[in-house]
Amino acid sequence: MEKMKFGVVVFPGSNCDHDAYHAVKHVLGEQAEFLWHKEGHLGDVDVVILPGGFSYGDYLRCGAISRFSPIMKEVIRHASEGRHVIGICNGFQILTEAGLLPGALLRNHSLRFVCRSVRLRVENNETAFTSQFMAGQVLTVPVAHGEGNFYTDTETLGELEARNQVVFRYVDVDGEPTDQANPNGSLGNIAGIVNRHGNVLGMMPHPERVVEQLLGGDDGLGVFTSLRDAITGTVPTTS
């Protein structure tokens with residue numbers, strides 16, 4: 001099978017870039033390269049990963065300055081061509097700032113940084129990022145953020161739900177989206193969404209940190225194997 005290539009964008013303050021690189025290069029076994037934020041091109045990458053961290057020190061707002069990095073013009077173009085982009089944690093924040101995903105990530109309801117494992121229910125397994133999961137499957141994935149509280153207006157929230165753009169939701173041990181299971185106060189317990197075309201994913205939890213049993217679990221690996229299958233044409237993307 002011909003290998004695909006992931007590009008991991010590195011901003012000043014990124015700290016999960018090497019985790020993402022390890023997940024796709026050494027665990028998934030695909031090609032990967034780092035892309036410095038000042039680059040004006042993406043090269044021949046198939047998937048762009050905007051990793052977690054504290055880009056530009058989270059000045060102004062999380063992701064607000066990164067949105068203007070030179071490489072983001074190319075990321076936006078890449079997405080507009082129907083190609084795949086995944087933003088994890090700070091990457092999700094950057095995607096909303098860039099207008100590639102709706103809504104915003106606000107301060108956690110507790111006003112405290114949260115770092116722990118949470119349970120996610122797969123709401124839509126018919127996307128390029130979730131095809132390797134079962135609908136309703138519950139995953140255990142870590143979060144580590146201070147601004148993960150997903151918020152949007154009522155109309156947009158209704159559209160996200162109606163269009164099945166909510167792909168991951170925080171749930172309890174019984175698979176129910178309770179307040180206690182929600183680590184940050186996100187509307188509707190939302191943990192991850194895709195855009196209308198299904199080629200851009202933003203999620204606050206870190207799937208790249210749970211891709212091998214050596215590190216305590218591999219529940220996040222399905223995000224990357226799903227992408228591989230979508231890129232190689234074996235799984236249709238959401239339209």
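Going through (1) 62, 44, 33; (2) 43, 40, 37; (3) 57, 39, 35, the figure that equals Cα extents along the principal axes in Å as computed for the structure here is (2).
Please list the non-local residues whose amide H lies under 5 Å from the amide H of Gly148, H modeled 1.01 Å from N, same-chain partners needing a gap of 5 or more. Amide H neighbours of Gly148, under 5 Å, 5+ apart: Asn108. In sequence order, the stretch 211-219 has phi-based couplings of 10, 7, 4, 4, 9, x, x, 10, 5 Hz under the Karplus curve 6.51 cos²θ - 1.76 cosθ + 1.60, θ = phi - 60°, and Gly or Pro positions carry x.
The spacing between the stretch 169-200 and the stretch 76-116, judged by their C-alpha centroids, is 14 Å.
Ellipticity at 222 nm from helices only: DSSP H runs of n ≥ 4 in the chain, each -39500 (n - 2.57), divided by the residue count, give -5500 deg cm²/dmol. Relative contact order, whole percent, for the chain stands at 19, derived from Cα pairs under 8 Å and 6 or more residues apart.
Whole-Hz Karplus values for the stretch 121-134 come out as 9, 6, 8, 9, 9, 10, 10, 5, 9, 9, 5, 8, 9, 9 Hz, taken residue by residue from phi with 6.51 cos²θ - 1.76 cosθ + 1.60 and θ = phi - 60°; glycine and proline positions read x.
For the chain, give the share of DSSP beta bridges that are antiparallel, in percent and rounded to the nearest 5; count only bridges with both residues there. Display every interim value, and only then the final one.
Working: 23 of 40 bridges.
Taking every DSSP beta bridge with both residues in the chain, the antiparallel ones total about 60 percent.
Where does the charge balance sit around Ala79 when Lys and Arg score +1, Asp and Glu -1, over other residues with C-beta under 12 Å from its C-beta? Local net charge: +2. Residues whose amide H comes within less than 5 Å of that of Gly192, counting only those at least five positions distant or on another chain, are Val167, Phe168 (H built at 1.01 Å from N in the peptide plane).
State which entries of Lys3/Lys25; Lys3/Lys38; Lys38/Lys73 exceed 20 angstrom in Cα-Cα distance in the structure shown. Show your work: numbers first, answer last.
On the way: Lys3/Lys25 11 Å; Lys3/Lys38 26 Å; Lys38/Lys73 11 Å.
Listed pairs above 20 Å: Lys3/Lys38.
Residue by residue, the stretch 40-53 carries 3J(HN,Hα) couplings of x, 8, 9, x, 9, 6, 8, 10, 9, 10, 9, x, x, x Hz when phi is fed to the Karplus relation 6.51 cos²θ - 1.76 cosθ + 1.60 (θ = phi - 60°); x denotes Gly or Pro. Close amide-amide hydrogen proximity is noted between Phe54 and Ser14, Asn15, each under 5 Å apart and 5 or more residues distant or on a separate chain (H modeled in the peptide plane; Pro and chain starts excluded).
Classify the stretch 82-206 from the C-alpha gyration tensor, please: rounded if a/c falls under 1.5, else prolate or oblate depending on whether a/b exceeds b/c. Rounded is the answer for the stretch 82-206, as its axis ratio a/c remains below 1.5.
Just check the stretch 88-139 against the gyration tensor rule for me: Cα atoms, a ≥ b ≥ c as the square roots of the eigenvalues, rounded for a/c under 1.5, and otherwise prolate or oblate depending on whether a/b exceeds b/c. Oblate is the answer for the stretch 88-139, as a/c is 1.5 or above yet b/c matches or exceeds a/b.
Every number here is computed from the coordinates shown, using simple stated rules; none is lab data. Note that the coordinates shown come from a computational prediction; the quantities given were computed from them, not determined experimentally. Reconstructed Cβ throughout: ideal geometry from the backbone, glycine too, with neighbour counts over all protein chains shown.
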